[in-house]
Amino acid sequence: MTQAQQSIQSLGACSSAGISAPVITIDGPSGTGKGTIAGLLATHLGWHLLDSGALYRTLALAARRQGVDLDDNAALGRLAAQVEVQLKGEQVQLDGEDVSPAIRTAEAGADASRVAVHPQVRAALLGWQRDAAVAPGLVADGRDMGSRVFPDAVLKLYLDASPEERAQRRYKQLKDKGMDANLRDLVQALRVRDERDQGRAESPLQVPDGGILVDSTSKSIDEVFAQVLDLARAALASTGV
Ligand code: DC
């Protein structure tokens with residue numbers, strides 16, 4: 001969402017009475033630029049933005065801090081129902097504390113992927129995510145936005161890129177933020193994360209039914225965004241939004 005409008009709520013709270021606003025979903029593995037593209041599209045359309053990965057990252061951080069086992073489905077489901085998360089633009093708050101830098105590390109991404117395999121975690125976050133679909137519309141990025149969370153989205157995109165290029169992009173991102181990074185470790189970590197995200201039983205990463213594949217390998221962000229914008233305009237025109 002333009003998350004400033006979102007009130008503090010527990011991650012597991014589900015008040016969704018149905019999705020009443022148009023949604024565009026952007027799924028794909030990490031390092032494809034989907035977060036950047038989702039942000040540009042949301043700004044362009046004047047819609048809200050949901051970075052669903054931030055929710056999994058924040059829950060994983062809360063689990064680490066509270067000593068909750070990252071492999072314990074039930075305990076993580078309970079934790080998701082307790083913690084309060086607020087998304088405010090780029091800033092993410094956990095129980096009132098700004099945890100934005102802490103959830104953006106490579107370790108936090110790997111932890112997020114681990115907690116995300118659990119059915120009780122995914123069930124707890126479902127309503128939270130659907131509640132983000134409010135007028136005038138929502139751009140949602142993640143892994144299962146089109147396949148599970150918003151199956152009736154007006155447009156479902158799947159962004160992909162070669163593993164080598166994705167690792168290079170992540171390396172540059174981390175370096176630009178002044179964080180420690182090692183390319184070989186990143187390639188290996190990406191491979192592990194891809195396998196886990198694609199291989200899990202619950203809402204695996206996949207091209208959703210009716211999804212459109214956009215390959216961003218060797219393309220600039222501007223080129224990818226131009227392609228995505230054309231697809232969005234066509235989808236919105238054809239659905240009368
Ligand atoms: O998009 P990201 O790198 O911030 O996501 C971190 C992890 O969270 C990712 O490896 C898998 C999980 N995730 C998920 O399972 N479903 C989503 N919709 C978003 C993220």
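Details
- Scanning region 126-173 for residues being part of a helix (DSSP H, G or I) and within 15 Å of the ligand (Cβ to nearest atom) gives a total of 17.
- Residue match in region 196-203 (condition: open to solvent by 70 Å² or more (accessible area, probe 1.4 Å) and more than 14 Å from the ligand (Cβ to nearest atom)): no
- Checking Gly109, Gly39 one by one, the residue that is within 12 Å of the ligand (Cβ to nearest atom) and within 29 Å of Glu164 (Cα to Cα) is Gly109 and no other.
- Among (1) more than 16 Å from the chain's Cα centre (by Cα); (2) over 30 Å from Ala167 (Cα atoms); (3) modelled with pLDDT of 95 or more, the one test that Asp69 misses: (2)
- Test: residue in region 217-234 that is touching a residue at least 40 places away in the same chain (Cβ under 8 Å), more than 14 Å from the ligand (Cβ to nearest atom), outside any helix (DSSP H, G or I) and surrounded by 12 or more Cβ atoms within 10 Å (Cβ to Cβ): yes
- All of (1) open to solvent by less than 50 Å² (accessible area, probe 1.4 Å); (2) assigned to a loop (DSSP other than H, G, I, E, B) hold for Gly210 with one exception: (1).
- Residues that are buried (at least 24 other Cβ atoms within 10 Å of the Cβ) and assigned to a helix (DSSP H, G or I) were ranked within region 28-40; the one that is modelled with the lowest pLDDT is Lys34.
- Selected residue (criterion: least open to solvent (accessible area, probe 1.4 Å)) from residues of region 60-71 that are free of Cβ contacts under 8 Å to residues at least 12 places away in the same chain and in a loop (DSSP other than H, G, I, E, B): Val68
- Of all residues in region 85-101, those that are in a helix (DSSP H, G or I) and away from the ligand (no atom under 13 Å from the Cβ) total 1.
- Enumeration of residues in region 182-207 that are under 20 Å from Arg122 (Cβ atoms), acidic (Asp, Glu) and either free of Cβ contacts under 8 Å to residues at least 24 places away in the same chain or assigned to a helix (DSSP H, G or I) (or both): Asp194, Glu195, Asp197
To keep it simple, each residue is scored yes or no on (1) surrounded by fewer than 21 Cβ atoms within 10 Å (Cβ to Cβ); (2) touching a strand residue (DSSP E or B) at 6+ places or on another chain (Cβ under 9 Å).
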{"position": "Leu76", "(1), (2)": "no, no"}
{"position": "Ala81", "(1), (2)": "yes, yes"}
{"position": "Val85", "(1), (2)": "no, yes"}
{"position": "Gln91", "(1), (2)": "yes, yes"}
{"position": "Glu97", "(1), (2)": "yes, no"}
{"position": "Ala102", "(1), (2)": "yes, yes"}
{"position": "Ala106", "(1), (2)": "yes, no"}
{"position": "Asp111", "(1), (2)": "yes, no"}
{"position": "Val115", "(1), (2)": "no, no"}
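The values are calculated or read from the model by the stated rules, or taken from the named source; none is laboratory data. These figures come from a predicted structure and were not determined experimentally. Ideal geometry is used to build each Cβ from the backbone, glycine not excepted, and the neighbour counts take in all protein chains shown. When the accessible area is computed, the model is the full protein with side chains, heavy atoms only, and any ligands, DNA or RNA have been set aside. Shrake-Rupley method; radii C 1.70, N 1.55, O 1.52, S 1.80 Å.
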